[in-house]
Amino acid sequence: MIQLFHPLLTLIATASDSLLTKYVLYLKNENWILRDRIPGEIHTKPPERAQLLKYGQPLGKAINELITIVTPGTFHRWVREEKRRRKRKLIGRQGKSAVLRELVLKIARETGFGYGT
């Protein structure tokens with residue numbers, strides 16, 4: 001897969017801004033041609049969405065001009081959902097399992113040391 005994109009990445013790395021603009025226009029037109037040949041909608045899978053988010057978010061509002069596989073509204077909804085998912089992560093140390101907790105309390109009760117007394 002990497003071998004497929006290596007020539008394109010080399011070309012982009014050595015190109016000027018005006019040339020990059022031409023590359024983007026070419027690739028957009030190529031995508032439109034390919035999309036016209038595919039009947040119906042394209043349903044993205046979670047790994048594909050993650051990839052689109054990874055490369056699309058740094059573009060900011062410019063993504064609205066580039067994105068063709070889904071609507072800009074759908075892309076922005078994915079961004080909002082991703083932000084909500086990140087906020088839900090618990091902060092702090094992970095709690096102990098119930099089995100471990102019960103074992104510690106049992107040992108404390110049997111020996112008379114610690115929390116179980």
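Data for the structure
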| quantity | calculated |
| --- | --- |
| Positions within the range 32-59 being outside any helix (DSSP H, G or I) and loosely packed, with under 13 Cβ neighbours inside 10 Å, in sequence order | I38, P39, G40, E41, I42, H43, K45 |
| Yes/no for T44 being of a type in the set (S, T, Y) and either in the same structural domain as T10 (by TED's automatic domain parsing) or without any contact (Cβ under 8 Å) to a residue 40 or more places away in the chain (or both) | yes |
| Boolean, R49 is modelled with pLDDT of 90 or more and under 16 Å from the mean Cα position of the chain (by Cα) | yes |
| Output for the range 60-77, where each listed residue is of a type in the set (A, V, I, L, M) and surrounded by 13 or more Cβ atoms within 10 Å (Cβ to Cβ) | I63, L66, I67, I69, V70 |
| Matching residues in the range 83-117 - criterion: being hydrophobic (A, V, I, L, M, F, W, C) and modelled with pLDDT of 75 or more | A98, V99, L100, L103, V104, L105, I107, A108, F113 |
| Filter pass, G73 being on the phi > 0 side of the Ramachandran plot and out of contact with any Phe, Trp or Tyr (no Cβ under 7 Å at 6 or more places or on another chain) | no |
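For every residue, the table says whether it meets (1) over 20 Å from V24 (Cβ atoms); (2) acidic (D, E); (3) in contact with a strand residue (DSSP E or B) (Cβ under 6 Å, 6 or more places away or on another chain).
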| residue | (1), (2), (3) |
| --- | --- |
| K45 | yes, no, no |
| P58 | no, no, no |
| E65 | no, yes, no |
| R80 | yes, no, no |
| R85 | yes, no, no |
| I91 | yes, no, no |
| Q94 | yes, no, no |
| L100 | yes, no, no |
| V104 | yes, no, no |
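The values are calculated or read from the model by the stated rules, or taken from the named source; none is laboratory data. All values derive from a computational prediction rather than experimental measurement. Backbone-built Cβ (ideal geometry, glycine too); neighbour counts: all protein chains shown.
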